[in-house]
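Student: Just dropping this structure here.
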Amino acid sequence: GDSVTQMEGPVTLSEEAFLTINCTYTATGYPSLFWYVQYPGEGLQLLLKATKADDKGSNKGFEATYRKETTSFHLEKGSVQVSDSAVYFCALNQGGSEKLVFGKGTKLTVNP
Amino acid sequence: KAGVTQTPRYLIKTRGQQVTLSCSPISGHRSVSWYQQTPGQGLQFLFEYFSETQRNKGNFPGRFSGRQFSNSRSEMNVSTLELGDSALYLCASSWRPFERNSQETQYFGPGTRLLVL
């Protein structure tokens with residue numbers, strides 16, 4: 001079945017550091033790919049998405065590019081802030097259903 | 001526009017009891033899905049509803065059930081609770097079922113945290 005693999009956390013960075021969180025997927029066909037963020041005590045918020053190969057999703061300084069050749073969707077940010085501290089989830093959807101398949105999540109802590 | 005609301009936010013039950021959780025989608029949204037989040041298994045899809053019909057179900061035992069009402073509000077029920085059912089239950093809504101390459105987005109509620117003792 002479909003699956004998503006994220007880099008193991010936790011990840012600890014200093015403010016203004018560069019962030020990369022790796023995400024690879026296994027799926028048939030051409031899924032849509034997502035990054036969700038979960039702040040402490042809250043539900044999930046959509047951070048960005050890409051629906052086809054070579055699409056780049058971006059939001060709030062975060063970016064991810066849908067790479068079909070490497071089945072990857074790595075999340076990057078050039079300069080993280082303390083407020084970016086959260087758990088980040090990579091997910092895919094095959095279409096025709098609401099079902100999202102999530103990775104295990106990566107906890108990011110940004111220190112001042 | 002109000003977001004997805006879930007009630008109650010916190011719940012404590014004992015083994016063997018049953019529980020009902022409620023989800024009110026964003027106004028105008030007709031599709032609702034449910035997820036279970038645990039530290040060990042992560043986020044797992046439970047089921048989805050559209051226009052009062054269950055369209056898809058995840059790999060959970062029959063103790064987990066749900067329904068959707070004509071106003072799109074949804075409930076999920078867990079009977080004969082087990083310790084392993086302790087989790088954060090998340091509801092998400094969208095205007096319609098997600099289609100490949102569409103711009104549709106699912107919006108998540110804050111969740112109901114269930115503790116089974």
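The values are calculated or read from the model by the stated rules, or taken from the named source; none is laboratory data. All figures in this text were calculated on a predicted structure; none of them were measured in a lab. FYI the Cβ positions are ideal-geometry reconstructions off the backbone, even for glycines, and counts take in every protein chain you see.
Student: Considering region A:51-67 alone, what residues qualify as being more than 10 Å from every other protein chain (Cβ to nearest Cβ) and buried (at least 20 other Cβ atoms within 10 Å of the Cβ)?
Tutor: Once the filter is applied, which keeps residues that are more than 10 Å from every other protein chain (Cβ to nearest Cβ) and buried (at least 20 other Cβ atoms within 10 Å of the Cβ), region A:51-67 yields A:G57, A:F62, A:A64, A:Y66.
Student: Just one of the numbered conditions (1) at pLDDT below 95; (2) over 13 Å from B:P25 (Cβ atoms); (3) within 9 Å of another protein chain (Cβ to nearest Cβ) is not true of B:N59; which one?
Tutor: (3)
Student: Can you find, within region A:93-109, the residue that is farthest from A:T26 (Cα to Cα) among those that are away from chain B (no Cβ under 11 Å) and crowded, with 20+ Cβ neighbours inside 10 Å?
Tutor: Going through the qualifying residues, I end up with A:L108.
Student: Moving to a separate point now. Taking A:T20 as the residue in question, decide whether it is more than 12 Å from chain B (Cβ to nearest Cβ) and in contact with a Phe, Trp or Tyr (Cβ under 9 Å, 6 or more places away or on another chain).
Tutor: Taking the combined requirement at face value, the residue does not satisfy it.
Student: For region A:43-53, indicate whether the set of residues that are without any contact (Cβ under 8 Å) to a residue 40 or more places away in the chain and more than 30 Å from B:C23 (Cβ to Cβ) is non-empty.
Tutor: Looking through region A:43-53, at least one residue is without any contact (Cβ under 8 Å) to a residue 40 or more places away in the chain and more than 30 Å from B:C23 (Cβ to Cβ).
Student: Looking at region B:39-49, is at least one residue among the aromatic types (F, W, Y), surrounded by fewer than 19 Cβ atoms within 10 Å (Cβ to Cβ) and under 20 Å from A:L100 (Cα atoms)?
Tutor: no
Student: Which condition from (1) farther than 20 Å from B:G109 by Cβ; (2) within 14 Å of another protein chain (Cβ to nearest Cβ) is the one that A:Y36 breaks?
Tutor: Every condition holds for A:Y36 apart from (1).
Student: Being of a type in the set (S, T, Y) and more than 12 Å from the chain's Cα centre (by Cα) is the filter here, so list the residues in region A:33-74 that pass it.
Tutor: A:Y39, A:T51, A:T70, A:T71
Student: Can you report the number of residues in region B:1-48 which are aliphatic (A, V, I, L, M), in contact with a Leu (Cβ under 8 Å, 6 or more places away or on another chain) and facing chain A (nearest Cβ under 9 Å)?
Tutor: 1
Student: Quick check on my filter: what residues within region A:1-44 are of a type in the set (S, T, N, Q), loosely packed, with under 13 Cβ neighbours inside 10 Å and either in contact with a strand residue (DSSP E or B) (Cβ under 9 Å, 6 or more places away or on another chain) or assigned to a strand (DSSP E or B) (or both)?
Tutor: A:S3, A:T12, A:S14, A:T20
Student: While we're here: Scan B:L83, B:L90, B:L115 and give me the residue that is touching a strand residue (DSSP E or B) at 6+ places or on another chain (Cβ under 8 Å), crowded, with 16+ Cβ neighbours inside 10 Å, of a type outside the set (K, R) and modelled with pLDDT of 95 or more.
Tutor: B:L90
Student: Going through region A:68-92 one residue at a time, which ones are within 14 Å of chain B (Cβ to nearest Cβ) and either buried (at least 20 other Cβ atoms within 10 Å of the Cβ) or modelled with pLDDT of 95 or more (or both)?
Tutor: A:A86, A:V87, A:Y88, A:F89, A:C90, A:A91, A:L92, listed by residue number.
Student: Just wondering, is there one or more residues in region B:18-26 that are among the aliphatic types (A, V, I, L, M) and not in a loop (DSSP other than H, G, I, E, B)?
Tutor: For region B:18-26, residues among the aliphatic types (A, V, I, L, M) and not in a loop (DSSP other than H, G, I, E, B): present.
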